[in-house]
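The structure appears below as C-alpha cells.
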Amino acid sequence: MAQFQEVSQKSTLHPKPVGLVLHYGTAGFRTNAEELDHIMFRMGLLATLRSKKTQATIGVMVTASHNPEEDNGVKLIDPMGQMLTPAWEGYATQLANIEQEELLTALKDIVEREAIDLIQEAKVFVGKDTRRSSGKLSQAVLDGVAALSGHSKDYGLVTTPQLHYMVCCQNTQARYGDATLEGYYRKLSQAFIQLTKNVPNRTDDQKHLFVDGANGIGALKVREMEKHLKQELQISLFNDGSSGKLNHQCGADFVKVQQKAPTGISMKAGERCCSFDGDADRIVYYFSDSAGQFHLLDGDKIATLISTFLKELLTQIGLDLKIAVVQTAYANGSSTHYLEDTMKVLVRCTKTGVKHLHHAAQEFDIGVYFEANGHGTVLFSKAAEEKIQQLSEDSNSNDERKRAALLLQNTIDLINQTVGDAISDMLLIEAILAIKGMSVQQWDAIYTNLPNRQLKVKVLDRRVIDTTDAERRAVSPAGLQEAIDGLVETYRQGRSFVRPSGTEDVVRVYAEAETQESADALANDVSLAVYRLAGGVRDEPKP
C-alpha cells in the first residue's frame, strides 16, 4: 500500500491537537476553525475512499452554516447529492479522533471492511463558504485527496446546496443538469421564468423582494444569479458581506430565534422579505404589518404553501400520486391540523434532523419536507417525474391538464431535490405566490400559529432521557411522560415534548398552547418536571 506512505508524510503537516474529540453529526463537524486542520485533511482522505468504494464523485463542503464567523466545519456529500450515509458517519468520527500514530491502521481497517480497491480512480468536488478560515481549510481537504492519489475539482466559493447539485449532476452524467455554476443558474432561472411568464399583470411591487444574505456566500450567489432572472424578480439585497459580520444579528437562524427583522434591512409595512443562513441552505420569510407587528413565515408555512400548490396541480392534472408533508415534533400544531383537516394531505412525523426528513420523504411519490428553521425541499419519485413529463408532452390533453402538467414539469426543474436550497426555495415560493396571485399577508393568513415556547434544562447526563414516537414521547426516566401528560391536560390546546440535545448535557423542552402566557407557563412546568425527574443541575427553572 504505497499510497499510505504519502498519507503518513502529509499527515504530519496537519497534526491533530492532543485530546480533541469531535463527532460527525447531521451537520458534519463544526467547531472553532483553529481546531479543524487535521479534520479537513482526514475528510479529504475519507472522501477519496468513499469515491473509490462507490465508483462515483463525492463532495466535501467547508462551511459552518449559521455558526459564528470564527467557527468552521465540513460535511461530505454522497453520489446523488444526498448527505453522507450513516455507516460512513461512524468512519468520519473514528478518523477525526484517533491520534496521529493510529491513522494508517484506521484507514487500512476501513479499506478492508469496505473491500475498497485502492487502484480504483477517485474524484472529489470541494467547495467553501466566505469565512476567512475556509481557504486554508479547503486546501487541507485537497491535500488529503491528493495524498491518496485522488482527483479533485475545487469549485471555490459556492453555497452548500450548489455543491450538492454539482455532485448529483456529475454522477447522473448531466441528466440532472450541467455541473457548473452557470448550469445551475440557467436551469433554475429558466424554470422560474417559464412558471411566471403567463401570470397576468404582475406589477413591479409584486416582483420585488428584499433578501438578507446573512453576510455570507448566499449573497454573492444571488448577485450572480440576478442577471439570469431578466427582471422577472427584482431583488434588493441586504447584508451582502460588504460590511457586516457573517451571521451576526442577521440570517435565517437569527430571524427565526429572535422573531424579529435582521439588522441592516429597512422594510416598510407589507413588504416581502426573506433571510438565508450562512451557507444558503435555509430560508425564512417575514413582513411587518401596518401596526408594526412582525410576522414570521417559517419552514412550516413554506411547506404548507408548496404542498397546497402541488396538490391543486395534481387535482387539475388528474394524477393519483401520493403526496405527503414530512415534519418533526417542532412543527407548529396549527400547520399539522391545517394540512390534515383542511387540505387532506398526509403528514408524517420523524425525528429531528434533515437526514431523517429526507429519508421519510423518499417513501412517497411527492415528499415535501421542511424543518421549522427553514431547511427543506421537495422530492419527486422517478415514476412521478415520468408520469408528469408524459402528460406535459401529451398532445391529446385538454388545455387545463396540459397547463397544470407544464407547471409541474417546470416546478420539478426549479427544485433542488438534493438538499434544502435557499435560492431554489426562494424562487419556488416567489413563483407560487405569483401564480396564485397571493400576497405575503394572504399566505400568512392560511392558518394562525399556536403560541409556543422553547426552553432548555441543564442536566447531569442527557442520556437519562430516551424518547419514542419521533421524539414526541419520553420512555425514560420513569414517570416523566406521565408528568408531562398531566401538565398538558391543564392547558387549552396544550402540547409539549422533551428531547435530549445531541451535543450538550441539556434537555430541550417545547410547549404550545392557546395563548402565549399559557405556552410559557406550560414550558416552565414541564422544565420543572424534567429538572426534578431527570437529574437537573444548578438552579430550578423559574417562570
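The values are calculated or read from the model by the stated rules, or taken from the named source; none is laboratory data. What you see is a predicted model, and the numbers here were worked out from it, not measured in a lab. Using ideal geometry, Cβ is built from the backbone for each residue, glycine included, and neighbour counts are taken over all protein chains shown. Accessible surface is based on the protein model in full, side chains and every heavy atom, while ligands, DNA and RNA are left aside. Shrake-Rupley method; radii C 1.70, N 1.55, O 1.52, S 1.80 Å.
Only helical DSSP H runs with n ≥ 4 go in: add -39500 (n - 2.57) per run for the chain, normalise by residue count and round the 222 nm mean residue ellipticity to 500 deg cm²/dmol. Show your work: numbers first, answer last.
Working: 19 runs with 219 residues, N = 543.
Rounded to the nearest 500, it is -12500 deg cm²/dmol.
If R0 is 22 Å, what FRET efficiency do you get for residue 441 and residue 515 from their C-beta distance, rounded to 0.05?
On the way: r = 23 Å, r/R0 = 1.04.
So the FRET efficiency works out to roughly 0.45.
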Say each of residue 132 and residue 386 gets a label point 7 Å from the Cα, pointing the same way as Cα to Cβ; how far apart are those two points in nm? 5.4
Contact order normalised by length for the chain, with contacts defined as Cα pairs under 8 Å and 6 or more residues apart; what percent is it? 11
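Enter the accessible area per residue of the stretch 1-100 (Å², integer; probe 1.4 Å; all protein chains in place). Mind dumping the intermediate values first?
On the way: 3580 Å² over 100 residues.
Here the per-residue accessible area is 36 Å².
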Label points 7 Å out from Cα along the Cβ direction at residue 101 and residue 34: separation in nm? 2.7
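Rounded to a whole number, what % of the accessible area of the stretch 311-360 do carbon and sulfur atoms account for, probe 1.4 Å? Kindly include the intermediate steps, with their values, before the conclusion.
On the way: 1060 of 2090 Å².
Here it works out to 51 percent.
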Antiparallel DSSP bridges in the chain: what percent, to the nearest 5? 60
Quick one: length gained pulling residue 120 to residue 13 fully straight, 0.36 nm per residue minus the C-alpha distance? 35.9 nm
Cβ charges +1 (Lys, Arg) and -1 (Asp, Glu), total dipole of the stretch 444-485, debye: 240
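Ignoring ligands, DNA and RNA, how do 315, 515 rank by accessible area with a 1.4 Å probe, largest first? Don't skip to the end; give the middle numbers.
Numbers: 315 105, 515 60 Å².
The most accessible residue leads, giving 315, 515.
What is the gain in length, in nm to one decimal, between residue 94 and residue 456 on full extension, counting 0.36 nm per residue of separation less the C-alpha to C-alpha distance?
Numbers: separation 362, 0.36 × 362 = 130.32 nm, distance 2.96 nm.
Extra length available between residue 94 and residue 456 comes to 127.4 nm.
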Note, residue 228: beta-carbon cut-off 12 Å, +1 each Lys/Arg, -1 each Asp/Glu, net +2
Out of 416, 372, 426, whose Cα points farthest toward the positive end of the dipole of the stretch 309-455 (charges: +1 Lys, Arg; -1 Asp, Glu; placed on Cβ)? 372
Once R0 is set to 35 Å, what does the formula 1/(1 + (r/R0)^6) return for the Cβ-Cβ distance between residue 537 and residue 493, expressed as a FRET efficiency to the nearest 0.05? 0.65
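Is there a quick way to get the dipole size of the chain? I mean about its Cα centre, with the Cβ of Lys and Arg at +1 and of Asp and Glu at -1; what is the value in debye to the nearest 20?
Working: 59 positive and 71 negative charges, 97 e Å.
With Lys and Arg at +1 and Asp and Glu at -1, about 460 debye.
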Hydrodynamic radius by Kirkwood for the chain, inverse mean 1/r across distinct Cα pairs, in Å, is 24.5
Probe 1.4 Å, all chains present, heavy atoms only: residue 295 accessible area in Å², nearest 10, is 40
As straight-line cross-link partners of residue 322, the qualifying lysines (C-alpha separation under 26 Å, not fewer than 8 residues apart within one chain) are 301, 311, 344, 351, 355, 382, 387, 402, 436
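What part of the accessible area of the stretch 147-233, given as a whole %, is carbon or sulfur when the probe is 1.4 angstrom?
Working: 1650 of 3600 Å².
Within the stretch 147-233, the accessible surface is 46 percent carbon and sulfur.
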For a quick check: with amide H placed at 1.01 Å from N, whose amide H comes under 5 Å from residue 346's, ignoring anything fewer than 5 positions away on the same chain? 325
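Antiparallel DSSP bridges in the stretch 246-355: what percent, to the nearest 5? If you can, show how the numbers build up before the last one.
Values: 8 of 13 bridges.
Bridges in the stretch 246-355 are about 60 percent antiparallel.
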I'd like the distance between the alpha-carbon centres of the stretch 24-103 and the stretch 269-316, rounded to an integer number of Å. 32
On average, how much accessible surface per residue is there in the stretch 342-447, in Å², for a 1.4 Å probe, leaving out ligands, DNA and RNA? 38
How large is the accessible surface of residue 355 in square angstrom, using a 1.4 angstrom probe and rounding to the nearest 10? 60
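So with the 1.4 Å probe, I'd like the accessible area per residue for the stretch 279-320, rounded to whole Å². Walk me through the numbers before you get to the answer.
On the way: 1190 Å² over 42 residues.
In whole numbers, the stretch 279-320 has 28 Å² accessible per residue.
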So what is the relative contact order for the stretch 361-446, in percent, with contacts set as C-alpha pairs under 8 Å and at least six apart? 23
Ordering 35, 512, 70, 271 by the accessible surface of their heavy atoms, 1.4 Å probe, largest first, yields 70, 35, 271, 512
Compute the FRET efficiency between residue 249 and residue 476 as 1/(1 + (r/R0)^6), taking r as their Cβ-Cβ distance and R0 = 35 Å, and round to the nearest 0.05. 0.35
Per-residue accessible area for residue 121 at 1.4 Å probe radius, Å² rounded to 10? 130
